1. Could you tell me whether A143 is among the small types (G, A, S), without any contact (Cβ under 8 Å) to a residue 12 or more places away in the chain and under 25 Å from L119 (Cα atoms)?
2. Note down all Cβ pairs under 8 Å where the first residue falls in segment 187-211 and is in contact (Cβ under 8 Å) with a residue 12 or more places away in the chain, the second is basic (K, R), and they're at least six residues apart or on different chains.
3. Of L33, L28, L79, which residue is under 17 Å from the mean Cα position of the chain (by Cα), of a type in the set (A, V, I, L, M, F, W, C) and closer than 30 Å to A156 by Cβ?
4. Taking only pairs six or more apart or across chains, which ones have beta-carbon atoms under 7 Å, a first residue in segment 81-108 that is within 22 Å of T22 (Cα to Cα), and a second residue that is among the aromatic types (F, W, Y)?
5. Any idea which of F170, F217 is part of a helix (DSSP H, G or I), farther than 20 Å from H40 by Cβ and touching a residue at least 40 places away in the same chain (Cβ under 8 Å)?
6. What single numbered condition from (1) in a helix (DSSP H, G or I); (2) within 22 Å of L79 (Cα to Cα) fails to hold for P7?
7. So, in segment 10-60, of the ones that are outside any helix (DSSP H, G or I) and either touching a helix residue (DSSP H, G or I) at 6+ places or on another chain (Cβ under 6 Å) or not charged (D, E, K, R) (or both), which residue ends up surrounded by the fewest Cβ atoms within 10 Å (Cβ to Cβ)?
8. Can you go through G206, G211 and tell me which one is surrounded by fewer than 17 Cβ atoms within 10 Å (Cβ to Cβ) and on the phi > 0 side of the Ramachandran plot?
Amino acid sequence: MALDTQPKISAIVRAAAVHIFTATGAALGLLALLAASESHWAASFAWLGAALIVDTADGPMARRLEVKRVLPRFSGEALDNIVDYLTYVTVPAFMVARGPAVPEALRLPLAAAIMMTSLYHFADKQSKTADNYFVGFPAIWNAVVLYCFVFAIPPALAAAAIAACAVLTFVPIRFVHPVRVERLRPLTLAVTAAWTVAAAAAIAQGFPPGGIVQDIFAGAAIYGVALSLTAFGESPSASP
């Protein structure tokens, strides 16, 4: 008697629920876009924060429930990338195009640069190393634009920073993944948690927020840059 190797209905339902959960990130991205279209910047970042929570949680859920095996027809990676391009790239690019972060004459060119360079990151098959570092700037434009608002960076300086990040997409510097890189992982997770709390406080207070929030943002940025630069000399072997 042949063994039944087909997934059980309950397993299929759970796996499908994970895909649906991932897809809610697109709806949250739409809400962020609508808020940005009305210049409600804090609300837009709040929706992006909710999308970030979904993006952080769906991967472990998918691995735990073996979604790839149970529903092999649907690619969780493709679904995740589509949602990420909306929330990490498209909405922040729209904020740059319509908001006060950069000089008016540069808004559309920089927004287009964000959209175009990010496509190369998403299409790059070697954009992540075997030890889970990103190779080149990892298209975290939601964080870049949030920093512009948190520090009320002068528009010309913000424009220069955005342009530099776009160029760094093609420079093989290793950028730390805040969750998956094992080196100093407990400390990185602690810094990430503090940054998350500070981001929530910034959104609640409005832009620019109080000094302690800015201090945490600055400290997290310095830590991330230092950790990435100290990994620069290591071999950036791509993940298979």
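1. Yes, satisfied.
2. Pairs that qualify, where the first residue is in contact (Cβ under 8 Å) with a residue 12 or more places away in the chain and the partner is basic (K, R): there are none.
3. L33
4. That search, which allows pairs on different chains as well, returns N81/F122; Y85/F122; Y88/W141; V89/W141; P92/W141; A93/W141.
5. Checking each option against the conditions leaves just F217.
6. (1)
7. Across segment 10-60, the extreme among qualifying residues is S39.
8. Step by step, each of G206, G211 is checked, and only G206 is surrounded by fewer than 17 Cβ atoms within 10 Å (Cβ to Cβ) and on the phi > 0 side of the Ramachandran plot.
The values are calculated or read from the model by the stated rules, or taken from the named source; none is laboratory data. Because the structure is predicted, anything quoted here is derived from the model rather than measured. Don't worry about glycine lacking a Cβ; one is built from the backbone with ideal geometry, like all the others, and counts go over all protein chains shown.
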